[in-house]
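Single-structure report; data block below.
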Amino acid sequence: MSDTPAAALAVQTQELATGTPAGIGVVLFLNEYSLNFNVLDTQVPLNSQAAQSIINYRYGPDGIAHTADDRRFVSIEQVDDLMYVGPAALTALETYARGTGRVELPVDGWVGTFQGVSFNVAEARRVLAVVNTQSLTALQSTYNVPAVAANAMVAARPFYDILKLGRLPAVDATALQNLKTATQLGEQGDPCTGAGTCGTNLHCEGKPYDASSPYGRCVTTLSIPGDGASCSRFVPCEDGLACHGLDSGATEGWCRPAWMSGEFTAYADLTLQGNTTPQTSTQPVVGLATVPEDITVELDLAHNNPSRLVLTLEDPGGETALLWDGPNEGTPPKRIPVTRGIPRDGTINGLWKLHVVNPSGVGNGKLREWKLKLTSRWD
C-alpha cells in the first residue's frame with residue numbers, strides 16, 4: 001500500500017477528548033503505577049516543566065509516589081488544565097500512546113508517522129512480525145533494509161511497538177518505507193486499497209464508493225463449510241461463520257462468512273444543546289458485502305430529557321429510518337434494531353449518519369458514542 005491512504009486517514013483521526021480511544025489511552029498511560037518523571041521527560045518526550053507538572057499532580061501533596069494521597073486522572077480536560085501542559089504536550093502524549101499500542105484502534109486506524117512514513121495498525125503489525133523474526137541477511141536481501149538499520153534492528157529486538165522501531169537512531173525513512181512496501185500484501189481482515197493489495201486466496205472487498213474511507217478489507221476467496229446453513233441462538237454456525245437474521249427478531253437465521261458482519265463505533269462526543277438545531281454524527285463502514293441484512297444501533301446517550309429527542313439513521317445511499325421518535329415513544333433504549341425505513345437492497349459500505357434533533361428545544365446533554373452493528377449479503 002502507498003502512504004496516501006494512511007496519510008488521508010491521519011487527518012480524519014478522532015480528536016483527543018475524554019472517552020475517545022486516544023483519550024482513554026493517554027489517561028490510562030498517565031495513571032500507570034510505574035509512571036515517573038524520566039518516562040515523561042525522555043521517552044514521550046515532554047518539556048521538563050510539563051512532565052514535572054503531571055508528576056506533581058499524580059504524586060499528590062506529599063510529592064511521594066505510591067502513598068495515600070496519590071491522585072489519578074479521569075479526563076483529558078484534567079490533564080489539559082495542568083500548568084505547562086498545552087497542545088504540544090497533548091500531541092506528544094497521544095503520539096506516544098498510539099505508537100506504543102495503548103490506543104484501541106481498528107486495523108485501519110492510524111498509529112503514527114515515523115521518519116515521515118505513516119503506519120496503520122495492520123501495517124505496523126506486519127512490519128514488526130518481519131523485524132522480530134527474519135534473519136539479518138533476509139532483512140537486507142528480501143526486505144531491502146540498509147545494513148546499518150538491519151544490524152540495529154537485530155540488536156534491539158524484540159520490538160513490541162512501532163514507536164520503539166521508528167525511533168531507533170539507525171532506522172531512517174528508507175528502512176521503514178522499504179519494510180512497509182515489502183509487507184504491503186494484507187492478511188485476512190487487514191485493510192486494503194484495491195486489487196493486488198491482499199495476499200494469496202484473498203481479495204479486497206467493501207471499499208466505499210463515496211470515498212468516506214480509502215480502505216476495504218482482505219477477505220477469503222475460499223468456500224467455508226456450513227455457509228448458508230440454518231442457525232439460531234441455540235444452534236450456532238460453524239467456525240468462520242456468523243448467524244444472520246437474529247438481530248432483526250428472527251428465531252431462525254442463516255450462516256454467512258464472519259467477515260460479512262461488523263461493528264463500527266463512532267466516538268461522537270456530540271453536544272446536544274437546549275435548542276432545536278439538528279446535530280449529526282457520522283461513521284464510515286468498510287469491508288462488508290454489498291447490501292445490509294441486520295442493522296442495529298447502540299447508543300451511549302447522556303441527556304436530562306431524552307424523551308424529547310428524535311433520532312434518524314441514514315445509510316450511505318441517502319435512505320433514512322426513523323430510529324426513535326421520543327415525543328411519541330418515550331426515552332430511547334440503549335439498543336435499537338432497525339426494522340423500518342432503510343431498505344435491505346441499499347448501500348452498506350460508506351458513510352452512515354445519525355441525526356439527532358430536539359423539536360421542543362427542551363433539555364440538553366451529549367451523545368458520547370454510538371455503535372452500528374451490521375450484517376450483510378451479496379445483492
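The values are calculated or read from the model by the stated rules, or taken from the named source; none is laboratory data. A quick note: this is a predicted structure, and the numbers were derived from the prediction, not measured. Here Cβ is always computed from backbone atoms with ideal geometry, including for glycine, and neighbour counts include all displayed protein chains. Keep in mind that these areas ignore ligands, DNA and RNA; they rest on the heavy atoms of the full protein, side chains included. Shrake-Rupley method; radii C 1.70, N 1.55, O 1.52, S 1.80 Å.
Here are the numbers for the structure shown:
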quantity: Per-region count, segment 216-255, residues open to solvent by 60 Å² or more (accessible area, probe 1.4 Å) and closer than 22 Å to residue 338 by Cβ; calculated: 5
quantity: Any hit, segment 332-344, residues being closer than 23 Å to residue 108 by Cα and surrounded by 15 or more Cβ atoms within 10 Å (Cβ to Cβ); calculated: no
quantity: Conditions (1) open to solvent by 20 Å² or more (accessible area, probe 1.4 Å); (2) touching a residue at least 60 places away in the same chain (Cβ under 8 Å); (3) assigned to a strand (DSSP E or B): number failed by residue 360; calculated: (3)
quantity: Test: residue in segment 54-77 that is modelled with pLDDT under 95, open to solvent by 60 Å² or more (accessible area, probe 1.4 Å) and part of a helix (DSSP H, G or I); calculated: yes
quantity: Residues of segment 213-238 classified as outside any loop (DSSP other than H, G, I, E, B) and not basic (Lys, Arg), total; calculated: 6
quantity: Condition met for residue 22 (in contact with a Ser or Thr (Cβ under 7 Å, 6 or more places away or on another chain), within 25 Å of residue 121 (Cβ to Cβ), surrounded by 14 or more Cβ atoms within 10 Å (Cβ to Cβ) and at pLDDT below 95); calculated: no
quantity: Residue under evaluation residue 160, criteria (1) crowded, with 17+ Cβ neighbours inside 10 Å; (2) over 19 Å from the mean Cα position of the chain (by Cα), criterion not met; calculated: (1)
quantity: Residues of segment 114-134 satisfying the condition of being touching a residue at least 12 places away in the same chain (Cβ under 8 Å), surrounded by fewer than 17 Cβ atoms within 10 Å (Cβ to Cβ) and either assigned to a strand (DSSP E or B) or more than 22 Å from the chain's Cα centre (by Cα) (or both); calculated: 115, 132
quantity: Count - residues of segment 193-207 that are of a type outside the set (S, T, N, Q), assigned to a loop (DSSP other than H, G, I, E, B) and farther than 13 Å from residue 289 by Cβ; calculated: 4
quantity: First in segment 209-233 and aliphatic (A, V, I, L, M), second anywhere and part of a loop (DSSP other than H, G, I, E, B) and surrounded by fewer than 17 Cβ atoms within 10 Å (Cβ to Cβ), Cβ under 7 Å, 6 or more apart; calculated: 219/188; 222/201; 224/240
quantity: Residue check, residue 283 open to solvent by 30 Å² or more (accessible area, probe 1.4 Å), within 27 Å of the chain's Cα centre (by Cα), under 22 Å from residue 210 (Cβ atoms) and at pLDDT 95 or above; calculated: no
quantity: Failed item, numbered, when residue 106 is tested on (1) open to solvent by 10 Å² or more (accessible area, probe 1.4 Å); (2) closer than 30 Å to residue 267 by Cα; (3) touching a residue at least 40 places away in the same chain (Cβ under 8 Å); (4) not in a helix (DSSP H, G or I); calculated: (3)
quantity: Restricting segment 163-205 to residues that are charged (D, E, K, R) and under 23 Å from the mean Cα position of the chain (by Cα), the residue that is most open to solvent (accessible area, probe 1.4 Å); calculated: 187
quantity: Cross-chain or 6+ apart pairs with Cβ under 9 Å, segment 33-46 first and of a type in the set (Asp, Glu), then outside any helix (DSSP H, G or I); calculated: 41/47
quantity: Test set (1) acidic (Asp, Glu); (2) in contact with an Asp or Glu (Cβ under 7 Å, 6 or more places away or on another chain); (3) exposed (fewer than 15 other Cβ atoms within 10 Å of the Cβ) - residue 294 fails condition number; calculated: (3)
quantity: Every pair of residues 6+ apart whose Cβ atoms lie under 6 Å, when the first sits in segment 182-193 and is within 13 Å of residue 120 (Cα to Cα) while the second is small (Gly, Ala, Ser) and at pLDDT 95 or above; calculated: 190/122; 191/122; 192/186; 192/216
quantity: Whichever residue in segment 239-270 is hydroxyl-bearing (Ser, Thr, Tyr), under 21 Å from the mean Cα position of the chain (by Cα) and not in a loop (DSSP other than H, G, I, E, B) and, among such residues, is nearest to residue 221 (Cα to Cα); calculated: 261
quantity: Number of positions in segment 302-347 that are more than 29 Å from residue 259 (Cα to Cα), in contact (Cβ under 8 Å) with a residue 60 or more places away in the chain and part of a strand (DSSP E or B); calculated: 2
quantity: Any hit, segment 182-201, residues being closer than 30 Å to residue 42 by Cβ and of a type in the set (Asp, Glu); calculated: no
quantity: Condition check for residue 329: in contact with a Pro (Cβ under 9 Å, 6 or more places away or on another chain), over 27 Å from residue 190 (Cβ atoms), at pLDDT 95 or above and acidic (Asp, Glu); calculated: no
